[in-house]
Amino acid sequence: MKLYIGEQLKALRKEKQITQEVLADVLGVSYQSVSRWELGVCYPDMELLPSIANYFGVTIDRLLSNDNVSKEAEEKRFYEKLNSLPFGSLEQMQFVEEYYHKHPDNDYIAYVLQDIMKNYLLVNMDKVSDYLPDMIKLYHRLKGTCWHEGAVGNIICVCPEEDLKQWLDLCSWNSSYTRRGCLVSRYDVQLGHQKEYHLHQSIEAFENFALQLDRRFPDAFGPTRKAEYHRGVLKILASFGDGTTPPDGWALFYAYKQFVLAACLFGDNKQEEGWKEFDAAFASYRRIFDLEEKWLPLGNAIFSDLKVSRDYHSMLDSEGKEHEVYGAFYTNFCRAGFLHEFLTNERWHWFDEVRNTPKYLAAVEWAKKEAEKEEAEKNPV
């Protein structure tokens, strides 16, 4: 049976906060010997075991029995005790902290400790200043591990509002711990923040819809199937309004999808139906670009009376407070420059039969002029 005395010795030494040199002096050996023991290169002489055990206040059995079987037994006892203690209690936190000091190299236990600190603070928010520094230390301890993003999420749940942005900026957009998801969790678990929870949940719904509804349907399936797909997308967007027309907050997105549908219909030799969608899409772009209002309504109770900016970069709640949009990445359809590139892109060969018609050329020319205006506003001389 393999002995894990080196690992046990290292854990005990770290728990006692002493160096290898100090332990070597106590035992009357070289620090290289202690290093070799901890690396598992060799074991201490049998005569030294009582001295080592006495010095650390443990039994010789504990020094020698740190094999996989005993590890599993110890872990089982740990989780049984952990689950028997009141959830998020000071007692539970202190118990895990003691266990962590015995196993400082265990990433998961470090995360469990930080998570329990979060749970404790959620019902003891007056203690945040006492425990947040320890949570931040554990976050740095967990950098580069699979628990790193969860550690950020825990801190977001309890950190002061003035520190919130710096922690949100550490969130990844493509993980389960997104910035919006962490905000939803923060206000979900904090008492007395139901209003903020519902607000961010509504913004999250908008971001998810915008992201999922813009998923690309492969051209390889052909124009008929792609047209059916986009009819479904348009039907969902229209449901946010009166069932036939979307609210202005979705109008450009809806118009962009209509242009794609028109291309599919032209590619399927359904020109009359294609022009119907094309004309409606072009009219929507012109109407929205002529609006002076910065904030456009999204409609539907799902979005809680929120309004979105025309560029989809921010939102306005019912109290006039602005919120950054995090999760809607594909928002180029809001730009006239995008529309011009879309209409002139040779990849959309389904437009080829109508590209030289006066109606199509008029749309291209309008998009070009609007794109030039955008560029001038973006880069004023």
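The values are calculated or read from the model by the stated rules, or taken from the named source; none is laboratory data. This structure is a prediction, so every number in the text was calculated from the model and none was measured. All Cβ positions, glycine included, derive from the backbone under ideal geometry; neighbour counts span all protein chains shown.
Key figures
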item	result
Conditions (1) of a type in the set (A, V, I, L, M, F, W, C); (2) farther than 27 Å from Leu211 by Cβ; (3) surrounded by 12 or more Cβ atoms within 10 Å (Cβ to Cβ); number of the one not met by Ala376	(3)
Selection within the range 1-40 - within 42 Å of the chain's Cα centre (by Cα) and hydroxyl-bearing (Ser, Thr, Tyr)	Tyr4, Thr19, Ser35
In the range 338-362, the residues that are part of a helix (DSSP H, G or I) and either over 39 Å from the mean Cα position of the chain (by Cα) or surrounded by fewer than 18 Cβ atoms within 10 Å (Cβ to Cβ) (or both)	Phe338, Glu341, Thr344, His349, Pro358, Lys359, Tyr360, Leu361, Ala362
Which numbered condition Ser172 misses (of (1) within 14 Å of the chain's Cα centre (by Cα); (2) under 28 Å from His323 (Cα atoms); (3) surrounded by 15 or more Cβ atoms within 10 Å (Cβ to Cβ))	(3)
Residues satisfying the stated conditions in the range 212-221, i.e. part of a helix (DSSP H, G or I) and under 16 Å from Gly232 (Cβ atoms)	Gln212, Leu213, Phe221
Residues of the range 113-138 that turn out to be over 17 Å from Arg186 (Cα atoms) and either surrounded by 19 or more Cβ atoms within 10 Å (Cβ to Cβ) or touching an Asp or Glu at 6+ places or on another chain (Cβ under 6 Å) (or both), as a count	2
Which numbered condition Val112 misses (of (1) modelled with pLDDT under 90; (2) assigned to a helix (DSSP H, G or I))	(1)
Near pairs, Cβ below 6 angstrom, 6+ apart or cross-chain, from the range 53-76 (more than 22 Å from Phe95 (Cβ to Cβ) and small (Gly, Ala, Ser)) to any residue that is in a helix (DSSP H, G or I) and modelled with pLDDT of 70 or more	Ala53/Ile60; Ala53/Leu63
Candidate set: the range 181-211, residues that are in a loop (DSSP other than H, G, I, E, B) and without any contact (Cβ under 8 Å) to a residue 40 or more places away in the chain; chosen: the one nearest to Asn154 (Cα to Cα)	His193
Qualifying residue in the range 201-218 (condition: within 17 Å of Ala301 (Cα to Cα) and of a type in the set (Phe, Trp, Tyr))	yes
Whichever residue in the range 3-42 is in contact (Cβ under 8 Å) with a residue 40 or more places away in the chain and part of a loop (DSSP other than H, G, I, E, B) and, among such residues, is surrounded by the most Cβ atoms within 10 Å (Cβ to Cβ)	Tyr4
The range 156-180: number of residues that are among the aliphatic types (A, V, I, L, M) and touching a residue at least 40 places away in the same chain (Cβ under 8 Å)	1
